[in-house]
Structures are given as C-alpha cells and as structure tokens.
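Bear in mind these aren't lab numbers, they're just calculated from the coordinates by the rules spelled out. Source: prediction; values computed, not measured. Neighbour counts run over all protein chains shown; Cβ positions are idealised from the backbone, glycine included.
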Amino acid sequence: MSILVNTDTRLLVQGLTGKAGSFHARQCLEYGTNIVAGVTPGRGGERFEEKVPVYDTVREAVNETGANASVIFVPPAFAADSILEAIDAEIPLVVCITEGIPVKDMAEVKVKLQQSKTRLIGPNCPGIITPGQCKIGIMPGYIHKPGKVGVISRSGTLTYEAVWQLTSLGHGQSTCIGIGGDPVSGTSHLDAVKLFNEDPETEALILIGEIGGTAEEEAAAYIKEHVKKPVAGFIAGATAPPGRRMGHAGAIVSGGSGTAEAKIAAMKDAGIEVAETPSHMGEALLRVYRG
Amino acid sequence: MNIHEYQAKELFQHYGVPVPAGHCAQDTSDFASALSSLPEGVTVVKSQIHAGGRGKGTFKDGFKGGVKLAKSKEEAAEFGRKMLGNTLVTHQTGPEGRKVGTVYFTEASEIEKEYYLAIVMDRATSRPVVIASTEGGVEIEKVAEETPEKITRVVIDPTLGLRAHQARQIAFGLGFRGDQVKQMIKLLNGLYRLFWEKDASLVEVNPLITTPSGDVVALDAKVGFDDNALFRHPDIVAYRDLNEEDPKEVEASKANLNYIALDGNIACMVNGAGLAMATMDIIQHYGGSPANFLDVGGGADAEQVTQAFQIILKDENVKGILVNIFGGIMKCDVIATGILEAAKAVHLDRPLVVRLEGTNVEQGKKLLDQSNLKIVSADTLADAAKKIVELVADR
C-alpha cells in the first residue's frame, strides 16, 4: 500500500502546455501515471500528446474528467492563484512543484487551505511517488522500487540520494514524499509522519530534514510518543553559516534557532537512527530495520 | 535582500512612521549640504553597512565606533570623514569587515524610554507576527530567553491584516497611555502596511523610543525583503547595494547560480540545495572544509557549469573541487560533457573529483575516464568526499 497516491489517482496538470509542465507530464505518463486532464487558460479544447484533454479552468477539468489530484507547473508569480483555483475546485490533493513563490502569497494560500479539505504538498518540492503505481513530480522514476519504506524530505536530489541508497541495498519504498524547501508549505514533516504511521504497509521511515524552522523537532516529538516503526534520519546544513539562506528559502539559521545540532539532538532523543553522513542514510535505516 | 538604515527610514517616512530628521552622503563634498538642514547642536553620525553592532564596532585603522555622537556640525563632518571609505568590523561582519560607502547624519533625539518592535513572517503559524517588548536597544533573542514575559506577540491573519484591537493590544502591552496609544497605533499601521505591501520578510525598530515631550519615534530601522517577491518591487530592487555583497555571489546570481562563499578550501558544485548542503557536511565530516555552497539547479547546461567553474576558481583559497551530481532529469552524460568543456575552457589547475549518479551514469563516467584530463571519479558521496579531502591534504 501507500499514502496519498496510487493506481486510483486521476491526475490533472495545471500548466500542462508550458515547457516544464509538458516535459514532466510526458515523464509521468511514461511512468504510468494516469493523467486525465490539463489546464492552461486560453488553450481549452486542445489535446496534449494527442490524448490528454486541455481545459481553460480547473473546475471544468474536474467536472469533465473526475480528476482527484493536481500538479502545478505554473511560474512563481501566478502559482499561488493556481493553488487557490485547485482549492476552489475541491481537489483533494494538490502538488505544487513551482519554486520561488513569494512568502506573502503562500501565507494567504495557507489560510484558505486551512479552511478547505485540500491537502497541499509543496511548493518548491520534487513531488510524490508511489513506486510502480503513480509518479507526480519531477523525480527520476527508475531509481525507485516498490516496497515498504516511507521517505520524507524537504529536498529533491537529497531525496533521490536516499531512495537510491535504499534501492541499491535491495529495499523498496511505499511512498516517497518531498514536502518542499519553502518556509510556508502545505504539508509538514509531522503531517507526513502521521500518514505513514497509519499506513499498514509502510514498515519503516526515513526522515530527511535541513536547517531552519522547527518542523523536524515537532516530527521527532511525535515519533517519540506515537511511532513504533523504525525511523532513520539525516539533517543537512550542519556546516551552513548562520543568517544565510542556503538555496532553499526556508534553510536559514536565525537567532540561534533552526540549527542542525538541535534537530539532530531531538531526533536522537526520539530514538531515530541518525545517519552520520548523507552517504549512509540507507545503512542507518538497516541498523534498526531488517525488512 | 537587505537595505541600509537610511533607505529603511525613507520607507518609514513614506508610510507615516516618524523618524529623526536625517540626510545621507556618499562623498565628503556632500557633507555640508547634508548637515545644513539639520538643527544646530548634537548630531548623530551613522555608518551605513548591512550589519548590526555598528555602535560597538571598530574601524580597521583603529577608529572606534561606527555610530558617533558629535557635539557640533564640525565634529560631525570630522567623524563622517573618518568613517567614509573606511572598513568597519562588528560582531556581525566577520574579521574582514565592511567598507562604509554612505554616512548618515541625523538629529539627536532625547530618549525617555527605549522599546523593541518588529514584524516578521512566523514559520510556525505561517502568518505575520508583531513582536513588541519594553526592553529596547538590546538583542530580542536575549530578552526572549531571560524575560519572556516582557514580550508581546500578536499573530496576524494575512487575509484580514492588522486589526484595530490588535494594534491596541500591542500599545497597551507596552504600557502606553493617552496620546501615545494613538501615536503607536498609527505607527503600527504604517509599519504593517510597509511589511505587507513591499513583501518584507522583516521590519525591525530597535530601539523605538518615547521622548520627554511625549513623542513616539523610530530611532533605528532595519528592513529585509523576500527575494522571491522582488520581481514585483522595482523600487526596492533599486535600493540594492552591490558593495555589500561578495563579488563572486553577485556574478553567480547573474548566471542564475545559487552560490554562497565560505571560508574553507574545498569548492563544491552540486545540483539541488539539500544535496549541496549535505555535500558541504560530508566534506567536513571527513576532515575537509567547504569553500562554498553552490547549487547549479535542476536544469544546468554546459554553459552554466562553465560559469560555475569560473566563479569557484576565482576563490584563491580553493585547493580542490568536488562535483556531486545526482542526475535525474539532467542526464549524467550531458553533465560530463559540460564538465569536460568547462575544464578545458577554464584551464583547470587544481584536483577535481567527480561523483555522478543517476540517469546515464555509465556513459557519463566513460566520457570522464576517456578524457586526458586529471579527473578522479568517485562512486558514492562518501567515496567522493574522502578522495577530495585526501587530494587537498597532499597539496
């Protein structure tokens, strides 16, 4: 089994006809994802790859195709509005890949999100994949393998690194979720941990965090109290200088909070097996999980 | 993006937030006119750099204090001449300090009491929060730790904005009465409008003061902006001071590369911010020291890789380079081609370790192995880090 996405997922692509949208939609189609519709305002009536119908509005696309998930490849200036459009159309799962959305726009989206039934993953994230079933996002599909380890991370390539280590060691993944590197996002580490904890087919977890904020500490506190499944972890950014934004808008150590030390201490206190280097995330999990 | 105090105060004035009268000068020949419109008597002379701790800082030539009280305009001009073009070192600048390109002269204010006031985007609630304290002129982190009861925090719903009762809560929370409550509410509304309309990430007034005559005034001003939102604020972008930024970082930002200079000797080039941070960490884990953070992004091409090499090699401290690419969408053979082209173009004279993983990795490695360039290839991230640390240690 898996969390959030599977063979029943009917995907809508917002920004399907753009450069990034069309490239990645093709990759998702090749992986076997069921893309049922695309939305590009003004391009309604066209067909993508001669089969996926394009609509002008999300509402129309949902009504016509029964889409139950959306992925957003819309430029940063317009992406927040695309999320709001998906919320208005009551799509249960929205994955926003776009990097560089103003924090203010996301703060407004977050209020609306809290009043809705939509779950948002991202923005500024690689997406979500249930290996062998459904890939929504920009991750390379072939590094994954169906299995029983859940992977949670803020970062893209660092997630691929963990997934590839697991696959190379012979362990597949139930679902891999990239929650994104922005300070304001839809799904937190904690939200993802809860979902994996309730999924009977996920037997173990890898939790990858980075400097900035306190989301990893909150997830660790929950794991300490509620999670019996083995968990391995890693925190990136121990060598980052304070006050500087390390690529991800959220990755900044300010006023002594958000440090790697504090996060690693919280993880260890929760019984999480912390990898000594990013090259040993898979091995760290295998110290506590036999599979 | 950060701006100078005098620029922040320009914005404050635009939003009706009272600040002491002041004028700035970038050249000593402008001192007279900058000082002429200020009242006679005590004048404050303030070095304009993007770092805190200016008052307690020391200039490289031994002159003490980046903020000085001058008894007369003559003395103010004299202090200004000592500051301008001089390099100020504070606890936030690092030992290299910052060159002062602008001096700001302001009238001196009589202070009855100092307060702290800030608006920031709070990560925990994903909402703006106003932080106010009766302890001004000191670091808020210290107050939060030692006397948290002296801090008032008000969380704002971004779809509603700062409401009247919230502004009152802050004013009364600081102990204001009568007309000062009214002044404070007006000031708060101005600051919140500035924060919201200009996509600020931080608006900080430390100290906010009351004067013996009963006025509420922003004595200092610090404003930072959300880089993601600069595209819709050309007026704010115009405030950017490239002298405050590392020239290598400026060049990198022009090439759309995410680069931050550090003080180690092993340069790294990585795709993805998380993996880039992790690569710095693993270099340190094996006893090396990273010279930079560099994320070439998900779609870097040969040209960008070349530019990245050029920027990295400009750092004279760099004794070796580690390239770590997890090719997903970006194919390893394409990256390998980019590395080879770049290595030829920039005349690579230092050890280079390359770790490729992901799509078309075998073709990529083959290309590197077949070249006659001295490139050490590595299999895992740990293997790569160990190899570059050893190579650099041998030099």
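So which GluC sites (Glu not before Pro) in the stretch B:289-357 are both in a DSSP loop and have at most 15 other Cβ atoms within 10 Å of their Cβ?
Passing both the DSSP loop test and the Cβ count: B:GLU316.
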For the protein assembly as shown, would you read off the P(r) tail past 42 Å as a percentage of all alpha carbon pairs?
32 percent
Net charge near A:ALA240: determine it from the other residues with C-beta under 11 Å of the C-beta of A:ALA240, scoring Lys and Arg +1 and Asp and Glu -1.
0
Please report Rg (one decimal) and Dmax (integer) in Å for the Cα set of chain B.
25.5, 81
What list do you get for B:ARG81, B:ARG98, B:ARG350 if you sort them by fewest beta carbons within 10 Å?
B:ARG81, B:ARG350, B:ARG98
Could you tell me what % of all Cα pairs in the stretch A:38-145 have separations over 22 Å?
33 percent
For chain B, longest principal axis from Cα atoms; helix B:164-173 axis from its Cα atoms; angle between them, nearest 10 degrees, is 80 degrees
For chain B, share of DSSP beta bridges that run antiparallel, in % to the nearest 5:
75 percent
Under the span-like rule (Cα at least 15 Å along the axis, Kyte-Doolittle mean at least 0.0), DSSP H helices of chain A
A:76-88, A:157-168
Would you calculate, for chain A, the mean residue ellipticity at 222 nm contributed by helices, counting each DSSP H stretch of 4 or more residues as -39,500 (n - 2.57) and dividing by all residues, to the nearest 500?
-10000 deg cm²/dmol
Overall Cα dimensions of the stretch A:123-232, principal axis frame, Å, largest first
33, 30, 20
I need the per residue convex hull volume for chain A, using only the alpha carbons, in cubic angstrom as a whole number.
117 Å³
Cut-off 11 Å, label point 7 angstrom out along Cα-to-Cβ of B:ASN317: give me the residues of the stretch B:71-100 whose amide nitrogen falls inside.
B:95-96
Can you give the alpha-carbon Rg of the stretch B:309-395 over 2.2 N^0.38 Å, where N counts its residues?
1.03
Gyration tensor (Cα) of the stretch B:1-130, equivalent ellipsoid semi-axes in angstrom:
26, 20, 13
Going by Cα centres, the stretch B:54-72 and the stretch A:74-126 are how many Å apart?
48 Å
Counting DSSP beta bridges with both partners in the protein assembly as shown, what percentage is antiparallel, nearest 5?
55 percent
Expressed as a rounded percentage, what relative contact order does chain A have, with Cα pairs under 8 Å and six or more residues apart?
14 percent
Based on the inverse mean of 1/r over its pairs of different Cα atoms, what is the Kirkwood hydrodynamic radius of the stretch A:9-95, in Å?
12.3 Å
Along the charge dipole of the stretch A:26-98, which of A:VAL52, A:THR33, A:ALA67 sits closest to the positive end, that is, farthest toward it, with unit charges on the beta carbon of Lys, Arg, Asp and Glu (+1, +1, -1, -1)?
A:THR33
Sequence neighbours fewer than 8 away in the same chain don't count; with that in mind, list the lysines whose C-alpha is under 23 Å from A:LYS135.
A:LYS19, A:LYS51, A:LYS117, A:LYS145, A:LYS148, A:LYS194, B:LYS331
Sort A:GLU276, B:GLU96 so the one with the fewest other Cβ atoms within 10 Å of its own Cβ comes first.
B:GLU96, A:GLU276
For the stretch B:117-268, size of Cβ-based charge dipole, Lys and Arg +1, Asp and Glu -1, in debye:
840 debye
Given the pairs B:LYS46/B:LYS113; B:LYS366/B:LYS387; A:LYS104/B:LYS222; A:LYS224/B:LYS386, which span a C-alpha to C-alpha distance of over 26 angstrom in this model?
A:LYS224/B:LYS386
What's the local net charge at B:LYS71, with K and R +1, D and E -1, over the other residues with C-beta under 13 Å away?
-2
Please list the non-local residues whose amide H lies under 5 Å from the amide H of A:THR187, H modeled 1.01 Å from N, same-chain partners needing a gap of 5 or more.
A:GLY122
Which residues qualify? For B:ASP122, with a placed amide H closer than 5 Å and at least 5 residues away or on another chain, they are B:ARG127, B:VAL129
Over the stretch B:84-217, the quotient of the Cα radius of gyration and 2.2 N^0.38 Å is 1.17
DSSP-loop GluC sites (Glu not before Pro) across the stretch A:77-149, with at most 16 other Cβ within 10 angstrom
A:GLU90
